[in-house]
1. Over the Cα atoms of the range 191-385, what is the Rg over Rh ratio if Rh follows Kirkwood?
2. How big, in percent, is the set of alpha carbon pairs in the range 1-189 lying more than 21 Å apart?
3. Test of understanding: extend the Cα→C-beta vector of Lys364 to 7 Å, then name every residue of the range 285-323 with backbone N under 14 Å from that spot.
4. At 0.36 nm per residue, and after removing the present C-alpha to C-alpha distance, how many nm does the segment from Lys287 to Asn124 gain when stretched out fully?
5. Can you tally the net charge around Gly53? Count Lys and Arg as +1, Asp and Glu as -1, for every other residue whose Cβ sits under 10 Å from the Cβ of Gly53.
6. Using θ = phi - 60° and the Karplus curve 6.51 cos²θ - 1.76 cosθ + 1.60, what whole-Hz ³J(HN,Hα) does each residue of the range 295-304 get, with Gly and Pro shown as x?
7. Sum -39500 (n - 2.57) across every DSSP H segment of at least 4 residues in the chain, then divide by the residue count to get the 222 nm mean residue ellipticity, nearest 500.
8. At each listed q (0.07, 0.10 Å⁻¹), what is the log10 of I(q)/I(0) that the Debye formula gives for the chain modelled as equal alpha-carbon point scatterers?
Amino acid sequence: MSKLTKKKIYSQDGVDVEEESLFSSFAGSVCKASYNNSSFVKVHDLSGGNFRGPRPFLFKNLPKGYFIEASTDGIGTKGILIDAAKTHHLAAYDIIAMTASDITRFGGVPLIFVNVFDTSTIGNVGDKTNAIYKSAIRGLGEIAKKEKIVILKGETAQMGDAIGSEIADSKTKLNWSGMMIGAYHKDKMITGKSLAPGQVIIALKENGFRCNGISSVRKALREKFGIKWWENTKAKESIRLAATPSVLYDKFINTLHGWFKKDFKSEIKIYAIVHLSGGAFREKLAKDILFPRKLSAEIYDLWEPPIIMKQCKEWRKINDEEFYEVWNGGQGMLLIVEAKDAEYCIKRAKQFEIEAKVVGKITKESEPRVSIESKLTPGKIIVYK
């Protein structure tokens, strides 16, 4: 049997090697275009023009004594919402948000991204499926340039039946995961160690769900629009809103934290950063940050939750307390700063097109607790202990 015949059979079985190579070559060109994005990274392209070749890198211009860290994550089942909304071109916001924020929240700077892009099939050159998947990679390149991140390399995999979805017959299923490599320095770590009563909590506004609690979002859509919610024409706008891409806060926070200044001096002191991902207020603020230090918080003016988030709460019949555990409630990150620095922080955020405001304060109580004035039910106070 000839090699040509073998390829044809493999293609019939779900993996077109030639099309995958063409797609990978395209993805490789997007990576290569990002190699000068960061003033802290020097990529040595030893590939000889081959997208599969080696691309070692060195760090430069970082403060003496820096450390290297890596964070892994993925978009989870938000890929199903993205596929239903056909917003693949915006999916990179979510994968960058999930991987970069886990470095930023401890005072580090995200620098290099390596990813695994799982598809059901990449289609054929020029067809709709191929174009949709390419739009996702192209979007990654655009965001990486804006965020000063290098896309070192990645892996595209045609997973066929191995990539699952409620939308079983979709030709554009998506699962995206990756690793962000970043830098820390002992003098720039943000650990919450110096938290104290009187400091204020600033919330950075989020317009959607980010990548957490999506199983409950999809269940809510099923409750409202039926088992095949993605086929219901009345659900189109709700699906689009549910798939809203994550807001990226990293460049703003790292600018505020002094990473892009020659002397690396922070513009203001940030005492803690809370990424409201899985577990949201109860896990990420209360249990991880405050309670180990026997501190409390009073949160009295959160951002209003996005309309789709409120709707999903009603459709899924989630109470206020669980709502602020499952979802972010309209704020993707919290910064804890001195009261005197709050106004500057808020004005600085605006320069990055990020809305920010003071939503609460750190307190000291006889028993550690976090109280939240709900934006869902007037007069409702949620208490996590």
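1. Working: Rg = 17.6 Å, Rh = 17.5 Å.
My calculation puts Rg/Rh at 1.01.
2. Working: 9339 of 17766 pairs.
Result: 53 percent of Cα pairs exceed 21 Å.
3. 293-297
4. Details: separation 163, 0.36 × 163 = 58.68 nm, distance 4.90 nm.
The span from Lys287 to Asn124 would gain 53.8 nm if fully extended.
5. Working: positive: Arg52, Arg55, Lys153; negative: Asp45.
Taking every other residue near Gly53 into account, the sum is +2.
6. Result, rounded to whole Hz: 10, 10, 8, 10, 10, 10, 8, 5, 5, 5.
7. Working: 11 runs with 122 residues, N = 385.
Helices in the chain give a 222 nm mean residue ellipticity of -9500 deg cm²/dmol.
8. -0.35, -0.69
Laboratory data are not the source of any read-out in this text; all were calculated from the coordinates shown. Owing to the predicted nature of the structure, the values given are computational and were not obtained by experimental measurement. In this analysis, Cβ positions are derived from the backbone assuming ideal geometry, glycine residues included, and neighbour counts consider all displayed protein chains.
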